[in-house]
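Here the structure is laid out as C-alpha cells; the discussion comes afterwards.
The values are calculated or read from the model by the stated rules, or taken from the named source; none is laboratory data. Only a predicted model underlies this, so the values are computations on that prediction, with no experimental measurement involved. Every residue, glycine as well, gets a Cβ built from its backbone with ideal geometry; the counts of neighbours run over all protein chains shown. Keep in mind that these areas ignore ligands, DNA and RNA; they rest on the heavy atoms of the full protein, side chains included. Shrake-Rupley method; radii C 1.70, N 1.55, O 1.52, S 1.80 Å.
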Amino acid sequence: MASEGDQQPQSEDRPSRSSILWSGGERAYDPEDLVMATGADPTPERVEKARKLIEEKGPQVIERYLP
C-alpha cells in the first residue's frame, strides 16, 4: 500500500485529472473526456474508439468509469 510520501505532488500549473473530468451531468462530454476517465492518455486511436462507444452505448457510458 502506497503511503502519502510515495505520491508525486501535483504541479500548480497543471490541474489534477479529477479536476478536469466531467461525469456528463454537468455538461456534455467529448470522447477525449471518456478516454481520460479510463485513466489512459488520449491518442487519436483511443479518442476514435471512445467516439464510437459513445455513439453505440449513449452518453451514460462514461458512468462505467466514474465513481
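Selection of first residues in region 28-40 that are in contact (Cβ under 8 Å) with a residue 24 or more places away in the chain and within 9 Å of Arg51 (Cβ to Cβ) and of second residues that are assigned to a helix (DSSP H, G or I) and β-branched (Val, Ile, Thr), restricted to Cβ pairs under 8 Å at least 6 apart or on distinct chains, gives the following pairs, ordered by first then second residue: Leu34/Ile54; Leu34/Val61; Leu34/Ile62. Among the residues of region 28-65, those identified as out of contact with any Asp or Glu (no Cβ under 8 Å at 6 or more places or on another chain), open to solvent by 40 Å² or more (accessible area, probe 1.4 Å) and in a loop (DSSP other than H, G, I, E, B) are Ala28, Asp30, Thr38, Gly39, Asp41, Thr43, Tyr65. Residue count for region 32-53, restricted to those that are under 9 Å from the mean Cα position of the chain (by Cα) and closer than 15 Å to Arg64 by Cβ: 8.
Here Ser3 meets the list (1) of a type in the set (Gly, Ala, Ser); (2) more than 11 Å from the chain's Cα centre (by Cα); (3) at pLDDT 65 or above almost entirely, failing just condition (3).
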